[in-house]
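Asker: Dropping the structure in here first, questions after.
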Amino acid sequence: MSTATTASVSTHILDTSIGRPAEGVAIALAARGGPGARWEALGGARTDADGRCEDLPELPVGTTRVRLDFETEAYFTSRQEAEARQDAPRARDRGVFFPEVAITFTVTPGEHYHVPLLLNPFGYSVYRGS
């Protein structure tokens, strides 16, 4: 929970190619105190069945930049293997175009930042949600 001296972050992922949440995607969280400061790895979590990641670590006091690293390769590889078992035509030799997605944004102490990722095999978009 954020206080007047810290910000808080949450996220979720929707796989727009199938219209469903992306379950099991590993997400790493890093923070820094400004553009010249070093990134501090804070830990991470995995998305649940609803594509949500509720247990990201808290941000340290003084954080002004945040980076979310989404490890999408394992998710897409798993999906492709499942499609191949079902002999789905789109699963054949598609590969993974975006093996990871890194999103960096600024934060203000006391604010909450919900950053959803809309993902598909050949594109993604991100925005500040509510």
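Asker: Using the structure shown, decide if residue 48 is under 14 Å from the mean Cα position of the chain (by Cα), more than 17 Å from residue 101 (Cα to Cα), exposed (fewer than 13 other Cβ atoms within 10 Å of the Cβ) and not hydrophobic (A, V, I, L, M, F, W, C).
Answerer: no
Asker: May I pose another question? If I filter segment 64-111 down to residues being among the acidic types (Asp, Glu) and over 18 Å from residue 51 (Cα atoms), which single residue comes out as modelled with the highest pLDDT?
Answerer: 111
Asker: Still on this structure, I have one more. Considering (1) buried (at least 17 other Cβ atoms within 10 Å of the Cβ); (2) in contact with a His (Cβ under 9 Å, 6 or more places away or on another chain); (3) under 27 Å from residue 62 (Cα atoms), say which one residue 10 fails and leave the rest.
Answerer: Evaluating residue 10 over (1) buried (at least 17 other Cβ atoms within 10 Å of the Cβ); (2) in contact with a His (Cβ under 9 Å, 6 or more places away or on another chain); (3) under 27 Å from residue 62 (Cα atoms) leaves (1) as the failure.
Asker: Scanning for something out of contact with any Pro (no Cβ under 9 Å at 6 or more places or on another chain), over 23 Å from residue 125 (Cα atoms) and among the basic types (Lys, Arg), does segment 9-20 turn up at least one residue?
Answerer: Looking for residues that are out of contact with any Pro (no Cβ under 9 Å at 6 or more places or on another chain), over 23 Å from residue 125 (Cα atoms) and among the basic types (Lys, Arg), one finds none in segment 9-20, hence no.
The values are calculated or read from the model by the stated rules, or taken from the named source; none is laboratory data. Because the structure is a prediction, the values reported are computed rather than measured. Here Cβ is always computed from backbone atoms with ideal geometry, including for glycine, and neighbour counts include all displayed protein chains.
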